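Engineer: Got a structure for you, questions after.
The values are calculated or read from the model by the stated rules, or taken from the named source; none is laboratory data. This one's a predicted model, so the numbers in the text were calculated from it and none came from an experiment. Glycine also receives a Cβ, built like all others from the backbone with ideal geometry; neighbour counts cover every protein chain displayed. Quick note on the areas: whole protein, heavy atoms, side chains included, nothing else; ligands and nucleic acids left out. Shrake-Rupley method; radii C 1.70, N 1.55, O 1.52, S 1.80 Å.
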Amino acid sequence: MYLAYSLLTLVVFIVVSPYFLYQAIRFKKYTPSLGQRLGYLPISFNVDLDPSIWIHAVSVGEALTARALAADLKARYPRLRLFLSTTTIAGQQVARQSVQRVDAVFYFPFDFAFIIKRTLDVVKPQLFIMMETEIWPNLLRLCRKRGVKTVMINGRISSRSYPRYRLIRPFFKRVLADIDRFCMQSEESARRLIDLGADPSRVTVTGSLKFDSLELPSPASHGKPRLLRFFRMSAARPVIVAGSTFRGEEAAVLRAFSRVKTTMPTAVAILAPRQPERFAEAERLARDAGFATIRRSELPIDAEPRADVIVLDSIGELAQLYQLATAVFVGGSLVDHGGHNILEPAIFGKPIVFGPYMQNFKEIAEAFIANGAAVCVQSERELDDELLALLTDPVRRARMGAAARALVEANRGAKEKTLASIAELVPRADGAGGRVRPFRLVH
């Protein structure tokens, strides 16, 4: 089975290589990271070949979630180095900027056995941590052979991915046998994982680490992030932040914004496309719609932006900018991309709107709707109506924002459960630890 998987991976790699070649030539992507993706890490990476903990976070969201664990892992395992890998370029940038206490950041290797062996020879992990459901069969198999403990944290099996995994259940069950512990976000994901073949004694429901990865705003904190000096907005100026948007969503937000501008001429919209290669496209859409448009990189410091629309052409700044919002639209949800993290605006007590496609954040989205902390719109027309309604109703905005903030605070705690689960696999240097109850299906 593993040979078939490797051959299939090779075929897919060959088929998609023209796309990556185009991306490398057109956008200067991938070529600087190719050596690391082939398993060639610099000599200085781990010159003494010290044992380590290796965390893998595929992209931006997972890298930000890793913040919840990094400092604690370093404190509990001071004799082990801490390395963090990402797959995407955006994830790499955020990991280097935002995740403290890691010894080095590198690109995740291609999942071919000969490449994985090169990486393991340098990283020397005693523990491999995969964020969410980043399952790579050859890596996990080699970790098992070398005695490296493996744990999936913040794991989830979405309603979309579950049928696909069932199609390959015999192979998937063998791969799951190579993972020592599963820390799942919800009981629903845990049940799906067990149905796919995971040993129930290895499955624990810890909750979502995304709640713990957020930095709670403190009213006693002094000063503001330097970023906000580029967004000196007057308190009376309405601000719509559209975060992590995909093609089709910027146009919808701009149409809704046109209605807002008829009644609130000073309003401003901040568009934050999910993919950096679409920054120019979003800027063009805003200009074609007749709005005075500027990029974040063009804003002068300590001045109020003289524009209707600001395109956030940067990585890692969106989470902080949510605090400026009067109302928030979270993208990847009006078009079918599974949605994005709604907790980042929630921590600032902002009213949140998203579309019907939130399957990647299903449990969180349902909790927010049930508690009146967010609104799900089914169409572009509903988005128009909802944004306008929120901007003209401060009492409702305050009520939704307070409910959102309360939900975040009430659901923190996954970090300690996850760390306790890890301590069962790799005992802490001080001998402390705790038992985490494995998941049991109720019949």
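Engineer: Of a type outside the set (A, V, I, L, M, F, W, C), in a helix (DSSP H, G or I) and in contact with an Asp or Glu (Cβ under 6 Å, 6 or more places away or on another chain), is that true of Asn154?
Structural biologist: Spelling it out, it is not the case that Asn154 is of a type outside the set (A, V, I, L, M, F, W, C), in a helix (DSSP H, G or I) and in contact with an Asp or Glu (Cβ under 6 Å, 6 or more places away or on another chain).
Engineer: If I go through region 1-23 residue by residue, how many of them are assigned to a helix (DSSP H, G or I), at pLDDT below 85 and open to solvent by 100 Å² or more (accessible area, probe 1.4 Å)?
Structural biologist: Adding up the residues that qualify gives 3.
Engineer: Keeping to region 232-262, report how many residues are in a loop (DSSP other than H, G, I, E, B) and at pLDDT 95 or above.
Structural biologist: Of the residues in region 232-262, 5 are in a loop (DSSP other than H, G, I, E, B) and at pLDDT 95 or above.
Engineer: OK, next. In a strand (DSSP E or B), crowded, with 22+ Cβ neighbours inside 10 Å, of a type outside the set (S, T, N, Q) and at pLDDT 95 or above: does that describe Leu271?
Structural biologist: Yes.
Engineer: In this structure, does Val239 turn out to be closer than 17 Å to Glu380 by Cα and open to solvent by less than 60 Å² (accessible area, probe 1.4 Å)?
Structural biologist: No: the conditions fail for Val239.
Engineer: Right, next: With the structure loaded, tell me whether Ile301 is β-branched (Val, Ile, Thr) and open to solvent by 40 Å² or more (accessible area, probe 1.4 Å) or whether it fails that test.
Structural biologist: So Ile301 passes the test.
Engineer: Could you tell me how many of the residues in region 108-136 are part of a helix (DSSP H, G or I) and either of a type in the set (D, E, K, R) or open to solvent by 10 Å² or more (accessible area, probe 1.4 Å) (or both)?
Structural biologist: 6
Engineer: Counting only residues that are crowded, with 17+ Cβ neighbours inside 10 Å and part of a loop (DSSP other than H, G, I, E, B), how many does region 28-46 have?
Structural biologist: Matching residues across region 28-46 total 2.
Engineer: Looking only at region 65-96, count how many residues are over 20 Å from Lys415 (Cβ atoms), part of a helix (DSSP H, G or I) and open to solvent by 40 Å² or more (accessible area, probe 1.4 Å).
Structural biologist: 3
Engineer: So if I check each of Ser59, Ser33, which one is of a type in the set (Gly, Ala, Ser), in contact with a Phe, Trp or Tyr (Cβ under 7 Å, 6 or more places away or on another chain) and closer than 30 Å to Ala319 by Cα?
Structural biologist: Ser33
Engineer: Right, next: What number of residues within region 47-64 are open to solvent by 10 Å² or more (accessible area, probe 1.4 Å) and either aromatic (Phe, Trp, Tyr) or in a loop (DSSP other than H, G, I, E, B) (or both)?
Structural biologist: Result for region 47-64: 7.
Engineer: Moving on. Between a residue in region 24-43 that is modelled with pLDDT under 85 and any residue that is open to solvent by 60 Å² or more (accessible area, probe 1.4 Å) and assigned to a helix (DSSP H, G or I), which pairs come within a Cβ distance under 7 Å, given they are 6 or more apart or on different chains?
Structural biologist: Ala24/Thr31; Phe27/Glu277; Tyr30/Phe20
Engineer: Kindly indicate whether any position in region 279-296 is touching a residue at least 40 places away in the same chain (Cβ under 8 Å) and crowded, with 16+ Cβ neighbours inside 10 Å.
Structural biologist: Checked region 279-296: at least one residue is touching a residue at least 40 places away in the same chain (Cβ under 8 Å) and crowded, with 16+ Cβ neighbours inside 10 Å.
Engineer: What is the residue count in region 335-374 for residues that are within 17 Å of Leu209 (Cβ to Cβ), surrounded by fewer than 23 Cβ atoms within 10 Å (Cβ to Cβ) and among the acidic types (Asp, Glu)?
Structural biologist: The number of residues fulfilling the criteria is 1.
Engineer: Here's something else I'd like to know. Restricting region 161-184 to residues that are part of a helix (DSSP H, G or I) and of a type in the set (Lys, Arg), which is least open to solvent (accessible area, probe 1.4 Å)?
Structural biologist: Among those residues, the one meeting the criterion is Arg169.
Engineer: Sticking with this one: Scan region 381-415 for residues that are touching a Lys or Arg at 6+ places or on another chain (Cβ under 9 Å), among the charged types (D, E, K, R) and crowded, with 17+ Cβ neighbours inside 10 Å and jot them down.
Structural biologist: Asp384, Arg397, Arg405
Engineer: Cβ-Cβ under 8 Å, sequence separation 6+ or interchain: first residue in region 345-368 and at positive phi, partner buried (at least 24 other Cβ atoms within 10 Å of the Cβ) and at pLDDT 95 or above. Which pairs?
Structural biologist: Once the first residue is at positive phi and sits in region 345-368, its partners that are buried (at least 24 other Cβ atoms within 10 Å of the Cβ) and at pLDDT 95 or above give Gly349/Ala404.
Engineer: Another question, if that's okay. Applying the selection to region 312-331, what residues are within 22 Å of Leu390 (Cα to Cα) and either open to solvent by 10 Å² or more (accessible area, probe 1.4 Å) or hydrophobic (A, V, I, L, M, F, W, C) (or both)?
Structural biologist: Residues satisfying the conditions are Leu318, Ala319, Gln320, Leu321, Gln323, Leu324, Ala325, Thr326, Ala327, Val328, Phe329, Val330.
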